[in-house]
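The values are calculated or read from the model by the stated rules, or taken from the named source; none is laboratory data. What you see is a predicted model; the values in this text were computed from it and never measured. Don't worry about glycine lacking a Cβ; one is built from the backbone with ideal geometry, like all the others, and counts go over all protein chains shown. For accessibility, only protein heavy atoms count, side chains too; no ligands or nucleic acids. Shrake-Rupley method; radii C 1.70, N 1.55, O 1.52, S 1.80 Å.
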Amino acid sequence: PFFFNDTATTEIYTLSLHDALPILNFMQKVSARNILRYKKRIFMMLLGVGGCTALILTALGLNDTIQSVVKQQYDDIVLYDYELSLAYDMTPEEQDIFLSDCGDNVYRAMFMYRGQAEISSDTVTKRATLTVSDGKGLERFIWLHDGKDEVEYPGLNEAIINHNLARMLGGVEIGDEMSIMTSDMGELTVTVSGFFDNYVDSYIYISPETCEAQWGYAPEAKSALANAPDGADINDCATEIAKVDGVRTISLSVDARDRMSNMMNGLLIVVAAIILCAGLLALIVLYNLTNINIAERIREIATLKVLGFYPREAADYVFRENLVLTGLGAVFGLLLGVGLHAFVIGAIKVDMMYLEPRISAVSYIVSILITFVFAMIVNVAMRRKIDGIDMAGALKSVE
């Protein structure tokens, strides 16, 4: 029976399973009674199955996170087709000449300073790509955003950095001061005014006014971001642009995307290995728990068979409980898996890449399905043990 205490009347009421579970048939009520009867088995199933489901969800979530890096970086953030390194400073007059020489191979371009710099905060120093630009028209080539919000371009003596760089610098916050050291110019001291999303490499943006105020001059604009005309072959355009006087190197964003995608796909082997190991663990846990359950209740099962239960009914009597507990364990595992996935992603700290925890709805469904597939495999394997129970021998045994 079920008991509950009504604090208003301080009376204790007793409810039978028939009253508490009116929508269930007799066998389902018996299964509910057996589930609640064996408390240790509930705990073991929740912990065992939940742990396996959590590992599967973590592996699938890791795949979701990895795959989202390439899409978010090269579909949402990087909007340019080419990054050019130039041999000379692009004054307004030189820009017009350069674009004229490129002809129809360049639809639009933006000139700026871009180079490697050492970023220091307290005792931590990291390398990042420094961009010096006035920010006008930058949104057509790079989308600087934090979540869904646009990030305001920094003003005098200010800088914006990506979240991963802030984390690698020891948790820099808005208003903190940083030091920027370049190999060819000197040192700058700036205040962090904002953060933006970026998933591959580290970047910092400042304005030319900051350099003029601290150095007395702005660095030469020897880099450019450019887009090819709509419908044009990017590789053919890149070949023609490389022939233009003053172009040292040209990098295609599509090539960077392919390299990153290939590197990420190599991690799928690790994901598959985790899923396989978690599935095998679930199989072992379910098999052992089911085997123990049958061994402890062999006289009970034999009695049911003597009373006229068909083989399928006797098997369902045991396996129905397994499936219910597997379902409860899978739900518990999803909750556990979300936390485990966030912990794993948070523990991965590399300068080159920023991983943001992401789990798709499909991964939740697949995790539950995989868990139930292994549960059904165990049920099929243990069916023969139930069918092979010697009724007479089991009833004669002494417990």
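For residue 94, indicate whether it is in a helix (DSSP H, G or I) and surrounded by fewer than 20 Cβ atoms within 10 Å (Cβ to Cβ).
yes
If residue 101 satisfies every condition in (1) within 29 Å of the chain's Cα centre (by Cα); (2) open to solvent by 50 Å² or more (accessible area, probe 1.4 Å); (3) touching a residue at least 60 places away in the same chain (Cβ under 8 Å) but one, which is the exception?
For residue 101, the failing item is (1).
In the stretch 302-318, what count of residues is obtained for those that are modelled with pLDDT of 70 or more and either on the phi > 0 side of the Ramachandran plot or not in a helix (DSSP H, G or I) (or both)?
Count: 3.
Can you tell me how many residues within the stretch 373-399 are of a type in the set (A, V, I, L, M, F, W, C), modelled with pLDDT of 60 or more and open to solvent by less than 60 Å² (accessible area, probe 1.4 Å)?
Residues that pass the stated criteria total 7.
Would you please name the residue that is most open to solvent (accessible area, probe 1.4 Å), looking only at residues in the stretch 70-84 that are among the acidic types (Asp, Glu) and more than 12 Å from residue 227 (Cβ to Cβ)?
Out of the qualifying residues, it is 75.
Are any residues in the stretch 186-209 of a type outside the set (A, V, I, L, M, F, W, C) and farther than 22 Å from residue 141 by Cα, and if so, which ones?
186, 187, 189, 191
Any idea how many residues of the stretch 146-184 are touching a residue at least 60 places away in the same chain (Cβ under 8 Å), touching a strand residue (DSSP E or B) at 6+ places or on another chain (Cβ under 8 Å) and either of a type outside the set (Ser, Thr, Tyr) or in a loop (DSSP other than H, G, I, E, B) (or both)?
8
Considering every residue within the stretch 232-244, establish whether at least one is over 30 Å from residue 263 (Cα atoms), in a loop (DSSP other than H, G, I, E, B) and of a type in the set (A, V, I, L, M, F, W, C).
The answer is yes, given that some residue of the stretch 232-244 is over 30 Å from residue 263 (Cα atoms), in a loop (DSSP other than H, G, I, E, B) and of a type in the set (A, V, I, L, M, F, W, C).
Do the conditions hold for residue 107, that is, is it closer than 30 Å to residue 242 by Cβ, in contact (Cβ under 8 Å) with a residue 40 or more places away in the chain, open to solvent by 20 Å² or more (accessible area, probe 1.4 Å) and among the aromatic types (Phe, Trp, Tyr)?
Answer is yes for this residue.
Tell me which residues, restricted to the stretch 239-269, are open to solvent by 70 Å² or more (accessible area, probe 1.4 Å) and free of Cβ contacts under 8 Å to residues at least 12 places away in the same chain.
239, 243, 258, 259, 262, 263, 269
Can you tell me how many residues within the stretch 186-221 are part of a loop (DSSP other than H, G, I, E, B) and within 22 Å of residue 75 (Cα to Cα)?
Number of matching residues: 5.
Among the candidates 326, 290, which residue alone is open to solvent by less than 30 Å² (accessible area, probe 1.4 Å), at pLDDT 75 or above and over 14 Å from residue 50 (Cβ atoms)?
Answer to the selection: 290.
Looking at this structure, is residue 358 open to solvent by 60 Å² or more (accessible area, probe 1.4 Å), in contact (Cβ under 8 Å) with a residue 40 or more places away in the chain and outside any helix (DSSP H, G or I)?
yes
Please work out which one of (1) open to solvent by 20 Å² or more (accessible area, probe 1.4 Å); (2) β-branched (Val, Ile, Thr); (3) part of a helix (DSSP H, G or I) is the condition residue 350 fails and give its number.
The single condition residue 350 does not satisfy is (3).
Out of the residues in the stretch 22-69 meeting the condition of being open to solvent by 40 Å² or more (accessible area, probe 1.4 Å) and among the charged types (D, E, K, R), tell me which one is modelled with the lowest pLDDT.
33
With (1) at pLDDT 85 or above; (2) assigned to a helix (DSSP H, G or I) as the list, and residue 321 as the residue in question, which single condition is left unmet?
(1)
If you check every pair at least six apart or on different chains, which have Cβ atoms under 9 Å apart with a residue in the stretch 110-123 that is more than 14 Å from residue 85 (Cβ to Cβ) and open to solvent by 30 Å² or more (accessible area, probe 1.4 Å) first and a residue that is of a type in the set (Val, Ile, Thr) and not in a loop (DSSP other than H, G, I, E, B) second?
Going by the 9 Å Cβ cut-off, the qualifying pairs are 118/125; 118/180; 118/182; 120/180.
Only one of (1) of a type in the set (A, V, I, L, M, F, W, C); (2) touching a Ser or Thr at 6+ places or on another chain (Cβ under 7 Å); (3) surrounded by 19 or more Cβ atoms within 10 Å (Cβ to Cβ) fails for residue 156. Which number is that?
The single condition residue 156 does not satisfy is (3).
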